[in-house]
Every structure is written in C-alpha cells, then in structure tokens.
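Working notes for the structure below.
The values are calculated or read from the model by the stated rules, or taken from the named source; none is laboratory data. It should be emphasised that the depicted structure is a prediction, and the values quoted were computed from it without experimental measurement. Here Cβ is always computed from backbone atoms with ideal geometry, including for glycine, and neighbour counts include all displayed protein chains. Surface areas here come from the heavy atoms of the whole protein model, side chains and all, with no ligands, DNA or RNA. Shrake-Rupley method; radii C 1.70, N 1.55, O 1.52, S 1.80 Å.
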Amino acid sequence: MVFFVGAGTGAADLITVRGMRLLQRADVIIYAGSLVNPELLNYAKESCEIHNSASLTLDEVIAIIEESEKQEKIIVRLHTGDPSIYGAVREQMDELDRRGIAYESCPGVSACFGAAASLNLEYTLPDISQSLIITRMEGKTKVPTRESIESFAAHQTSMAIYLSAGMLDELSQRLIAGGYGKKTPAAIVYKATWPEEEAYVCTIESLQETAAAHGITKTALILVGEVITHQNYKKSRLYAPDFSTEFRQAKGDV
C-alpha cells in the first residue's frame, strides 16, 4: 500500500497527526529531499528504508514502489506542503493505477497557509477579499494562457503566488498590468514555518527590490492583496450581536 503524505510547510510539528503516524508505520519512505524538512524522517522507525527522490526520475521512484509493494511493505511518498498543490502526484498515481497498486492520500498544510500563519493574516476579509487565488508564474512548467497573472490580477483579490521568487521584476509588471495598483501591499515569505523563515511586507512595485535586499531568489511564496495590511475591512456578520444563527439568537437593538 502506498500513502501520498503532505509533509506540511516546513516545521516538523506541522505535519498532520495522520501523516506522522503513517511515517511511524512506514517500511519505506520516498521523500522530496530538495523541499521536505529532513527532521520529519525522525518519525521513521529504525528499520525503515529511506530514499531521497531529489536525484530520482519518475520511473526510478515507481520502480522502488513496485518492488516494495511486491514485498507487501507500507510505502510513504512524502511530498512538501500538500500533495495536491504543485505536487506532481497525478502522474505517479496514474503509473500505480497501470500496475494495480493501491494508494491513498493524506493532506498537508500548504505553504500559503503557513505563510498566512507567520504573518497572522486572514485572506478573506469582508469588503476586501472573499477569494484566494493560488497560482504561479510560467517557468519550466507551462501555464495556460487563460490563467495568466494579468487575468487573475484583474480580480484584485488575495493571491498566493508559488514558484516565482526568481522572476519578481516580471511578476510586478504583470500584476500592475492586470489591474493592481503599484502600492498594493505584498509580502515575501521565505521558507514559511522553517526555523530560518524570513518574511517581509512590501508593495507590488518593490517586490524585486525587497527580495534583492535580503538575498532571496528561491523557496519563497509571494502574497498580494489589501488583506496583508488588514485595514478598512468590515467585521464578520457571524459574531454580530444583531445576527441570528442556528446556535445563537440576535440580541435585539445594540
């Protein structure tokens, strides 16, 4: 049996309880060594066979899984963050389907939520933003034209932009071209929730300058939107005294 497990944002204690228990049970762990915190391997039992997939191809990963499955071992494929976000897991699952190998997924905390926690942000402030767009700049992996930075920027909602820290000058230009103002708040969060985390609040036009000043060129998440400075928002109706819910009656005139 194969378990695709989300390692979380970085801190070893931010993996889910289920993910931790799967690591403790695993006979074989294949982990994304270029991104996953190696401290998570401390959860593995002493006899566990561990492989770093950073130097492996897809075929080599599947070969390890296939051989381990023949031996009826419990296999954990450990991905950074949540496997469903830029995890390249579907192609692995399709290969397992072809071989009749069963698998399950265990979610993890994605970087955008670790970054929000680090900055104490709420992405969905009333009257400011009720949506969060998760996207990336085009690199080695193409982005559909309909999902361009400009098309998403037109909504002027909260955005979390992955895998783009090395293209910040272009990113700023495209965000502005799409509709954001130059002074729109932005943030750069380097290695969110890791011990070496760095977080800087700036503006869209100063993204490149801010990153350069701190030597950040990769492994950083870019956040964009007015929610970053959390000003001029309305309070939620959920806790308003004149608002009835299934669990609380309105308290009348206030």
Consider the stretch 158-172. How many of its residues are within 22 Å of Gly108 (Cβ to Cβ) and either outside any strand (DSSP E or B) or open to solvent by 50 Å² or more (accessible area, probe 1.4 Å) (or both)? 3
From the option list Ala116, Ala111, single residue qualifying as small (Gly, Ala, Ser) and open to solvent by less than 20 Å² (accessible area, probe 1.4 Å) is Ala116
Quick one: Val36 ticks every box in (1) assigned to a loop (DSSP other than H, G, I, E, B); (2) touching a helix residue (DSSP H, G or I) at 6+ places or on another chain (Cβ under 6 Å); (3) within 25 Å of Glu196 (Cα to Cα); (4) open to solvent by less than 70 Å² (accessible area, probe 1.4 Å) bar one, so which box is it? (2)
Identify all residues within the stretch 86-108 that are of a type in the set (A, V, I, L, M, F, W, C) and either modelled with pLDDT of 95 or more or loosely packed, with under 10 Cβ neighbours inside 10 Å (or both); write none if there are none. Val89, Met93, Leu96, Ile101, Ala102, Cys106
Residue list for the stretch 190-249, filter: part of a loop (DSSP other than H, G, I, E, B), closer than 17 Å to Ala165 by Cβ and not small (Gly, Ala, Ser): Lys191, Thr193, Trp194, Glu196, Glu197, His214, Ile216, Thr217, Lys218, Thr219
For the stretch 140-157, name all the residues that are open to solvent by less than 80 Å² (accessible area, probe 1.4 Å), farther than 13 Å from Tyr86 by Cα and in a loop (DSSP other than H, G, I, E, B). Pro144, Ser148, Ala154, Thr157
Consider the stretch 22-33. How many of its residues are open to solvent by 80 Å² or more (accessible area, probe 1.4 Å) and among the charged types (D, E, K, R)? 1
Apart from one, (1) in contact (Cβ under 8 Å) with a residue 12 or more places away in the chain; (2) more than 29 Å from Leu14 (Cα to Cα); (3) surrounded by 15 or more Cβ atoms within 10 Å (Cβ to Cβ) all hold for Lys183; the odd one out is (3)
Pairs, please: C-beta under 6 Å, at least 6 apart or cross-chain, first residue touching a residue at least 60 places away in the same chain (Cβ under 8 Å) and more than 16 Å from Arg174 (Cβ to Cβ) and in the stretch 206-222, second open to solvent by less than 70 Å² (accessible area, probe 1.4 Å) and not in a loop (DSSP other than H, G, I, E, B)? Leu221/Ala111; Leu221/Ala115; Leu221/Val189
All but one of (1) open to solvent by 50 Å² or more (accessible area, probe 1.4 Å); (2) in contact (Cβ under 8 Å) with a residue 12 or more places away in the chain; (3) aliphatic (A, V, I, L, M) hold for Ala63; state the number of the condition that does not hold. (2)
Checking Leu175 against (1) of a type in the set (A, V, I, L, M); (2) in contact (Cβ under 8 Å) with a residue 40 or more places away in the chain; (3) open to solvent by 40 Å² or more (accessible area, probe 1.4 Å); (4) in a helix (DSSP H, G or I), which single condition isn't satisfied? (3)
Can you spot a residue in the stretch 46-59 that is open to solvent by 40 Å² or more (accessible area, probe 1.4 Å), among the acidic types (Asp, Glu), farther than 21 Å from Val189 by Cα and in a helix (DSSP H, G or I)? yes
Suppose we keep only residues that are polar (S, T, N, Q) and surrounded by fewer than 17 Cβ atoms within 10 Å (Cβ to Cβ) within the stretch 209-235. Which one would you say is nearest to the chain's Cα centre (by Cα)? Thr217
Can you name the condition, by its number, that Tyr190 falls short on among (1) touching a residue at least 40 places away in the same chain (Cβ under 8 Å); (2) more than 21 Å from Thr124 (Cα to Cα)? (1)
